[in-house]
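The values are calculated or read from the model by the stated rules, or taken from the named source; none is laboratory data. Quick caveat, the model's predicted, so the values are computed rather than measured. Neighbour counts run over all protein chains shown; Cβ positions are idealised from the backbone, glycine included. Heavy atoms of the whole protein, side chains included, go into the accessibility calculation; ligands, DNA and RNA do not. Shrake-Rupley method; radii C 1.70, N 1.55, O 1.52, S 1.80 Å.
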Amino acid sequence: MTENIIIRVQSPEGMKKIPSTKRETAATFLKKVAKEFGFSSNGFSVYLNRNKTGEILSQNKTLSLLKIKHGDMLFLFPSGSPGPSGEVMDVTGPHTSSSLPSTSSSSSSSSAGASSSSSAMPRSQSAPQICEDEIDQYLAKQDGKIYRNRDPQLCRHGPMGKCVHCVPLEPFDEDYLNHLDPPVKHMSFHAYIRKLTGGADKGKFAALENISCKIKSGCEGHPPWPEGICTKCQPSAITLNRQKYRHVDNIMFENHTIADRFLDFWRKTGSQRMGFLHGRYTEHKDIPLGIRAEVAAIYEPPQIGTQNSLELVEDPKAAAVEEIAAKLGLRKVGWIFTDLLSEDTRIGTVRYTRNKDSYFLSAEECITAGDFQNCQPNPCRLSPDGHFGSKFVTVVATGGPDNQVHFEGYQVSNQCMALVRDECLLPCRDAPELGYAKESSTEQYVPDVFYKDKDKFGNDITYLARPLPVEYLIIDITTTFPKDPVYTFTSTHRFPIENRDVLGETQDFHSLATYLSQSSSSVFLDMVSDFHLLLFLVTNEVMPLQDSIGLLLEAVKTSNEELAQTWKKSEQWATIEQLCGTVGGQSAGANEYGAMGGPSIPASSSAMWSCLHCTFMNQPGTEHCEMCSLPRS
């Protein structure tokens, strides 16, 4: 009789078959189980019976001595923490602090709330250790109240008194927000926190729970889905509501040049374009406790664009871009894409396609935005998970009512983020304004999703979200440009933008030589203060400077010319100048850019050129690549 046997192991995540032998020790078998289920060596227990009796310990006894035979069913239970997927159904329970600023009283109430919470204990205890964003820490310490002057007609008290007509208002006061010009439909996220943590209970029963659409793991009373489910592990049905708050209250581009350079691709090709917004979060003073996303640069990842579609491809430089942005004091704050169709090329008008009669964001765009927001969660110490919602924004460049290009800002709600994260939402093929909530299958349980609307008689009717109008998932955000432009990157010349080879704009040392020769500034810092130039210096394949450019990035971040001059004297910059002189063609041009000044020199047709297809450097005067034989254009 063969000694090879197969043991079935059932866990809250499902059943798996573990190949083994009769003479294999229990310790070796448990290591196989840990590797198969993705647990650490001490993160689970295996029992002979479902009622947690007959535990199999890590010892040198063989499986045959433990009376484990071919085809036997063993039962695995995670110890303490959730299973490998980390999915825990959200349970509304009492939670944290008495006030937003971090004080000793708020810490004690937070601990009390965590101890009485019905959520997972490790998550509640770890939440206060979350490091929030700087803007969140700053706003948490602000008073936030809206102070009003004494009304000379209604106030009947002295100058030191207060009455209902002049007492300070809370930042979440709806009447005040509705009477602003323009009216504010969504309170800020920190105003929403003040509303939850205010009152007599000081937020004792407030909870910022992330929605979960997955079955709770660890239920022991029945087999896993689809064989069994109970009210303890079944996620609750979701009724979609329009979110009353938003994590970002304003989007502002530092200057028009950022947007114009991004739109140049559509103007030259007619194809749509997408990019990631890099900037910072600051206080938005027009709204109580508001947050503004300031955009300093746009990074365009590799993509395939047509007149009607966009497809992102894998970006090998994504990690390097994030690292450079962080060293420059920037972060990824959102994404932008175009949806433009030319109406009259003579006067430069575009079609007005996104409006209340069609849609503002399609279901597919909402799903994409939800996925991006899930990848950029908002750290929050008031959530048991350590994060709640996202500050990641979506900007659409599209036609406005005046047939000019307008920039419209959006976010999707936390409910939409949960539906996207748990793969419960699909787009409709023939109706871009409609989404569709998936139905449950043997592979996945999907909770019922509903939304409310009014019928022709004005009654509130609840509908199943198949299909689903996506306006229930959208939060609009004002997008603006400042009256006085601000420039994080001060270079007046334009270095080619990455991944625009289809336009003939390539990032290579010939482009760098041309860029340096055209620079009329004698200040080295102003010349290198270009986001796309810095990306090229770090990510180019000939001489990447990822390990030695830190000093220059710090100089650009702090606008320190002395640091820039120090880095200019390094061997790396000397090598770059030599490479530019080699590919630049004419020695005069090399001397001029080496001197950092002088008149501009146009791109010479007698200079070496880089092939758009294989990047081979060809000799001047040729029209076909010597390496791949493809045409120069």
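Observations on the model:
- Global form of the range 492-580, assessed from the alpha-carbon gyration tensor, a/c cut-off 1.5: prolate
- Across the range 417-437, no residue has a backbone nitrogen under 15 Å from the label position 7 Å along the beta-carbon direction of ILE461.
- A crude spin-label estimate for the pair GLN137 and LYS185, with each label 7 Å from Cα along the Cβ direction, gives 3.5 nm.
- Annotation: for a label point projected 7 angstrom from Cα along Cα→Cβ of GLN59, residues of the range 7-39 with backbone N closer than 14 Å are 25-28.
- Annotation for ASP72 and THR349: the two label points, set 7 Å from Cα along the Cα-Cβ direction, are 8.1 nm apart.
- Local electrostatic count at MET15 - Lys and Arg +1, Asp and Glu -1, tallied over other residues with Cβ under 10 Å: +1
- Residue-normalised accessible area of the chain, expressed per residue, 1.4 Å probe, Å²: 51 Å²
- FRET efficiency, 1/(1 + (r/R0)^6) with R0 60 Å, evaluated for PHE450 and ASP264 via beta carbons: 0.85
- Remark: the Cα gyration tensor places the range 208-318 in the oblate category, a/c being 1.5 or greater and a/b not exceeding b/c.
- 12 Å beta-carbon shell around PHE265, net charge (K/R +1, D/E -1): -1
- Approximating the spin labels as points 7 Å out from Cα along Cα→Cβ, the ILE130-to-THR558 distance works out to 3.3 nm.
- Chymotrypsin sites (Phe, Trp or Tyr not before Pro) within the range 459-541, DSSP loop, no more than 15 other Cβ atoms inside 10 Å: TYR487
- FRET efficiency, GLN307 to CYS614 (Cβ-Cβ, R0 25 Å, nearest 0.05): 0.35
- Unsatisfied cross-links (Cα-Cα over 22 Å) in the set LYS16/LYS216; LYS185/LYS356; LYS244/LYS332; LYS162/LYS185: LYS244/LYS332; LYS162/LYS185
- Loop-located trypsin sites (Lys or Arg not before Pro) in the range 444-505 (DSSP state not H, G, I, E or B) with no more than 12 neighbouring Cβ atoms inside 10 Å: LYS456, LYS483.
- Sorting the segments 280-288, 18-26 by their mean number of nearby beta carbons within 10 angstrom, highest to lowest, gives 280-288, 18-26.
- Nearest-0.05 FRET efficiency for LYS483 and SER342, computed from C-beta distance (R0 41 Å): 0.90
- Counted charge near LEU65, where neighbours are those whose Cβ lies closer than 13 Å (Asp, Glu -1; Lys, Arg +1): +4
- One decimal place: the segment LYS244-ASP430 gains 63.9 nm when fully extended, by the rule 0.36 nm per residue minus the C-alpha distance.
- Trypsin sites (Lys or Arg not before Pro) within the range 328-401, DSSP loop, no more than 16 other Cβ atoms inside 10 Å: ARG346, ARG351, LYS356
- Tilt relative to the chain, helix 571-583 - C-alpha long axis, 0 to 90 degrees, to 10: 60 degrees
- Listed values [x] 50; [y] 56; [z] 42, entry calculated as percent of Cα pairs over 38 Å apart: [x]
- Whole-percent carbon and sulfur share, accessible surface of the chain, 1.4 Å: 51 percent
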